[in-house]
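The values are calculated or read from the model by the stated rules, or taken from the named source; none is laboratory data. A quick note: this is a predicted structure, and the numbers were derived from the prediction, not measured. Virtual Cβ from ideal backbone geometry, glycine too; neighbours counted across all protein chains shown. Ligands, DNA and RNA are excluded from the accessible area calculation, which covers all protein heavy atoms including side chains. Shrake-Rupley method; radii C 1.70, N 1.55, O 1.52, S 1.80 Å.
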Amino acid sequence: MKRKPSTPPRVTPALVAVHGLKPDEYERLKSLIGRAPKFTELGIFSAMWNEHCSYKSSKIHLKTLPTTASWVIQGPGENAGVIDIGDGLACIFKMESHNHPSYIEPYQGATTGVGGILRDVFTMGARPIACLNALSFGAPSHPKTRQLVGGVVAGIGGYGNSFGVPTVGGEVRFHTRYDGNCLVNAMAVGIAEKDKIFYAAASGVGMPIVYLGSKTGRDGIHGATMASAEFDDDSDEKRPTVQVGDPFSEKLLLEACLEIMAKDCVIAIQDMGAAGLTCSAVEMGAKGDLGVTLELDDVPCRESGMTAYEMMLSESQERMLMVLKPEKEKEAEAIFRKWGLDFAIVGKTTPTKRFIVKHNGKVVADLPIKELGDEAPVYDRPHAETPKQPVLKAADVVPPMNTAEALIKLVGSPDLCSRRWVWEQYDHVILGNTVQRPGGDAAVVRVNDGPKALALTADVTPRYCEADPFEGGKQAVAEAWRNLTAVGATPLAVTDNLNFGNPERPEIMGQLVGCIRGIGEACTALEFPVVSGNVSLYNETNGRAILPTPTIGGVGVLDNFEGSASLTFKAADQAILLVGETKGWLGQSIYLSEICEREEGAPPPVDLAAERRNGDFVRTLIAEGVATAVHDVSDGGLLVALAEMAMASGIGADLDRAPIVAHAFWFGEDQARYVLTVDPGEAGQIVDRANAAGVLAREIGTTGGDALAIADDRSIPIAKLRESFESWLPSFTAGGHP
């Protein structure tokens, strides 16, 4: 039974508010177009002017980030960032959030997050080679956490595995501040020939605009607007705004798009992501200084009686918009028909710089196309600097248990336990190029047949960002840089996903501003530019914000994957070296929260000059083949890093006595540090080389045996560590202990 066309509702102040536009923004809208908007026009403005699409609260601060380098081909502003990796090849990558949809409907929210970021990459002409993710969930004891973990992980695996791209790395954390708003950040990486990159800017007048992919339905309407709003107790009512993904259709879309790109059919291409047809059409026209006219009667729909408003705001998945070379139209259509996908000419480019939408023979929208994006409100919101916390000294922290007991508890804690239960649900070896699998510092993925490889990571420490946004932002970048360095890669560039609460609150805006400043300073010092990213704000429920979580996705390159390093101890009787200064910093450490049940103090400061010196030195040792195992020291401190190396290999270690207070030395989270192993005869020479380079290094023990023997305490069998390490997550997801 067909639905009868409905009469569009009258635009009232209440309807404007429902669309997320404030009264002053609505007045700005009317001033720009010279009249009150029609209903469909109101929907278009609400999509283009929401936080998710316009970056109105963050734009002025994002402009301070370093985005250029000799190897950067395309920085922020396109579907994804592009860097030159040599040999005529480019790496294309980006990270985006799907937080709100994943909290409402975890499986579909996560799948469409993966699908959307994959489209951002292959829209630019790249074949995806890897995915990563960064997941933040509420406290294990929260009644919804178990369901969210299960649904999100299944959704990521379900889409990536079916699409046929390996999911090779990421992170998972738990904290009560994510109880009402989980975070799902998805990253995709692809490879293309560097002279065959495709962009979104349309060119030429009268060029056909083509709709490609799956049909349009009513799923996802107002998805972008919903992503720019706080949650309340009625978040389930937003379920219809969550899109539904189909990885098999996306695989067909990938192959069809790459084929018509290879046939030189494409002038411009844009993924239909947030705000669907609206955002893709406006961006293509505006970037090319052209107008766009759309004929909605020609849009393929899977539901009858769809209104212009519904079609323009639908976020149905697996769809693209493309400007084609007219002479290639029939060839392109034949390719898409061959792959079983919809292909429809739905409009054309015009010289008018107007965005005109027609439906049922009527003009339902006639708007200035540049102003839809360029004239969106930009706010310099008031921001309050986060108060500094006092520095905790080792004497301020009394150990409630001995070192061995603390280590066993730490490696079995929610934030440090094995993520095997997660990554074994992902196909991390499909395509046959995964060199280093999940569980190490960074994934390593071979480029084509090698020997070149990419190193990939995603990281952030939100508790540091909460205590000191500036230092936390620096540390997130430095940690990603260390992860890439630890496998022997030269770090090249980052993508970021800035997840924060309500920017209209000065203290939250202060977190965002502080973290961006820290990220910018670290990226500049480490020559690690930001080439793409996403901002996700209003991540809070009933006024309670998430921890500030500026996730950093890092990409580095190895000339030969066979020279990559791993954290696994390779043999007994190797000398263990610690690179970097250890003062025993316990403020905001996992030891403090998990063992002492305290969350306080200033986070560890990040000395970017030391980060660079130490990392460059370690990378040199890896390139020379001198370092036999390498691991960066991060969450949990030195002893946790050593335990992870021992558990990965089954080889233990005999460790020297701590030179400072034991719990501070073993569990402090001082930055710019690495653990590495070398042949015993070379240890002294390497320490001398380090000192000559201005790098602090010391020998702290020897590999061997089946336990960690700590001179300050007792031996801990590797088997006992593994039991604690591997058991928590499977037990939790099966319904066991919180």
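For residues in region 431-460 being part of a loop (DSSP other than H, G, I, E, B) and open to solvent by 50 Å² or more (accessible area, probe 1.4 Å), which is nearest to Gly472 (Cα to Cα)?
Among them, the one singled out is Gly439.
When you scan region 689-712, do you find a residue that is among the β-branched types (Val, Ile, Thr), at pLDDT below 95 and surrounded by 23 or more Cβ atoms within 10 Å (Cβ to Cβ), even just one?
Taking every residue of region 689-712 in turn, at least one turns out to be among the β-branched types (Val, Ile, Thr), at pLDDT below 95 and surrounded by 23 or more Cβ atoms within 10 Å (Cβ to Cβ).
With respect to Ala130, determine if the residue is more than 30 Å from Glu504 (Cβ to Cβ) and either in contact with a Phe, Trp or Tyr (Cβ under 6 Å, 6 or more places away or on another chain) or assigned to a strand (DSSP E or B) (or both).
Answer is yes for this residue.
Which condition breaks for Pro399 when tested against (1) out of contact with any strand residue (DSSP E or B) (no Cβ under 6 Å at 6 or more places or on another chain); (2) surrounded by 15 or more Cβ atoms within 10 Å (Cβ to Cβ); (3) not in a loop (DSSP other than H, G, I, E, B)?
The number of the failed condition is (3).
For the list (1) over 22 Å from Asp84 (Cα atoms); (2) small (Gly, Ala, Ser); (3) surrounded by fewer than 24 Cβ atoms within 10 Å (Cβ to Cβ), I need the number of the one condition that Gly518 fails.
Single failed check for Gly518: (3).
Quick check on my filter: what residues within region 337-365 are touching a residue at least 40 places away in the same chain (Cβ under 8 Å), in a strand (DSSP E or B) and open to solvent by 20 Å² or more (accessible area, probe 1.4 Å)?
Asp342, Ile345, Lys348, Arg354, Ile356, Lys358, His359, Val364
Quick one: how many residues across region 310-332 are open to solvent by 10 Å² or more (accessible area, probe 1.4 Å), part of a helix (DSSP H, G or I), in contact (Cβ under 8 Å) with a residue 12 or more places away in the chain and farther than 11 Å from Leu277 by Cα?
The total comes to 4.
Within region 619-640, is there a residue that is among the β-branched types (Val, Ile, Thr), touching a helix residue (DSSP H, G or I) at 6+ places or on another chain (Cβ under 9 Å), touching a residue at least 12 places away in the same chain (Cβ under 8 Å) and within 19 Å of Glu726 (Cα to Cα)?
Checked region 619-640: at least one residue is among the β-branched types (Val, Ile, Thr), touching a helix residue (DSSP H, G or I) at 6+ places or on another chain (Cβ under 9 Å), touching a residue at least 12 places away in the same chain (Cβ under 8 Å) and within 19 Å of Glu726 (Cα to Cα).
Quickly run through region 288-309 and pick out the residues that are of a type outside the set (A, V, I, L, M), in a helix (DSSP H, G or I) and in contact with a helix residue (DSSP H, G or I) (Cβ under 9 Å, 6 or more places away or on another chain).
Tyr309
Run Gly150 past the list (1) modelled with pLDDT of 95 or more; (2) over 19 Å from Asp427 (Cβ atoms); (3) open to solvent by 10 Å² or more (accessible area, probe 1.4 Å) and report the number of the one that doesn't hold.
Result: Gly150 passes all but (2).
Going by the conditions given, is Glu250 within 13 Å of Arg119 (Cβ to Cβ) and part of a helix (DSSP H, G or I)?
Criteria met by Glu250.
State yes or no: is Asp415 open to solvent by 30 Å² or more (accessible area, probe 1.4 Å), among the acidic types (Asp, Glu), assigned to a loop (DSSP other than H, G, I, E, B) and modelled with pLDDT under 95?
When the stated conditions are applied, Asp415 does not pass them.
Condition first: farther than 15 Å from Leu253 by Cβ and either hydroxyl-bearing (Ser, Thr, Tyr) or buried (at least 24 other Cβ atoms within 10 Å of the Cβ) (or both). Now tell me which residues in region 157-173 satisfy that.
Across region 157-173, the qualifying residues are Gly160, Pro166, Thr167, Val168, Gly169, Gly170.
Quick one: what pairs do we get from region 426-438, first residue more than 15 Å from Leu454 (Cα to Cα), second open to solvent by 30 Å² or more (accessible area, probe 1.4 Å) and not in a loop (DSSP other than H, G, I, E, B), C-beta under 6 Å, 6+ apart or different chains?
Asp427/Asn161
Can you name every one of the strands (runs of 3 or more DSSP E) wholly within region 624-738 that holds 1 or more residues which are over 12 Å from Leu577 (Cβ atoms) and more than 30 Å from the chain's Cα centre (by Cα)?
In region 624-738, the matching strands (runs of 3 or more DSSP E) lie at 653-655, 707-710, 715-717.
Evaluate region 185-206: report whether one residue or more is at positive phi, open to solvent by 20 Å² or more (accessible area, probe 1.4 Å), modelled with pLDDT of 90 or more and small (Gly, Ala, Ser).
Checking region 185-206: at least one residue is at positive phi, open to solvent by 20 Å² or more (accessible area, probe 1.4 Å), modelled with pLDDT of 90 or more and small (Gly, Ala, Ser).
Which of the residues that make up region 194-222 are small (Gly, Ala, Ser) and assigned to a loop (DSSP other than H, G, I, E, B)?
Ala200, Ala201, Ala202, Ser203, Gly204, Gly206, Ser214, Gly217, Gly220
Could you look through region 462-518, keep only residues that are of a type in the set (A, V, I, L, M) and part of a strand (DSSP E or B), and pick out the one that is farthest from the chain's Cα centre (by Cα)?
Going through the qualifying residues, I end up with Leu492.
Of all residues in region 279-298 being open to solvent by less than 10 Å² (accessible area, probe 1.4 Å) and touching a Leu at 6+ places or on another chain (Cβ under 8 Å), which is modelled with the highest pLDDT?
Selected residue: Leu294.
Of the residues Glu27, Glu78, Glu41, which is surrounded by fewer than 18 Cβ atoms within 10 Å (Cβ to Cβ) and of a type in the set (Asp, Glu)?
Just a single option satisfies the conditions, and that option is Glu27.
Give the residue that is least open to solvent (accessible area, probe 1.4 Å), with candidates limited to residues of region 553-606 that are in contact with a Cys (Cβ under 9 Å, 6 or more places away or on another chain) and more than 24 Å from Ala664 (Cβ to Cβ).
Val555
Count, please, the residues in region 634-670 that happen to be open to solvent by less than 10 Å² (accessible area, probe 1.4 Å), of a type in the set (A, V, I, L, M, F, W, C) and under 14 Å from Trp585 (Cα atoms).
So the count comes out to 6.
Return the pairs, sorted by first residue and then second, in which the second residue is open to solvent by 10 Å² or more (accessible area, probe 1.4 Å) and of a type in the set (Lys, Arg), the first residue lies in region 568-580 and is under 16 Å from Leu655 (Cβ atoms), the beta carbons are less than 6 Å apart, and the residues are 6+ apart or on different chains.
If the second residue must be open to solvent by 10 Å² or more (accessible area, probe 1.4 Å) and of a type in the set (Lys, Arg), the pairs left are Leu578/Arg698.
For region 1-114, give me every one of the helices (runs of 4 or more DSSP H) that falls completely inside it and has 2 or more residues that are more than 21 Å from the chain's Cα centre (by Cα).
13-18, 23-33, 39-48
Go through region 44-66 and give me each residue that's out of contact with any helix residue (DSSP H, G or I) (no Cβ under 8 Å at 6 or more places or on another chain) and open to solvent by 30 Å² or more (accessible area, probe 1.4 Å).
Lys59, Ile60, Lys63
Look through Leu15, Leu42, Leu65, Leu29 and report the one residue that is at pLDDT 90 or above and within 19 Å of Glu283 (Cβ to Cβ).
Only one candidate passes the filter, namely Leu29.
Could you check how many residues of region 470-490 are of a type outside the set (D, E, K, R), in contact (Cβ under 8 Å) with a residue 60 or more places away in the chain and open to solvent by 10 Å² or more (accessible area, probe 1.4 Å)?
Final tally of qualifying residues: 2.
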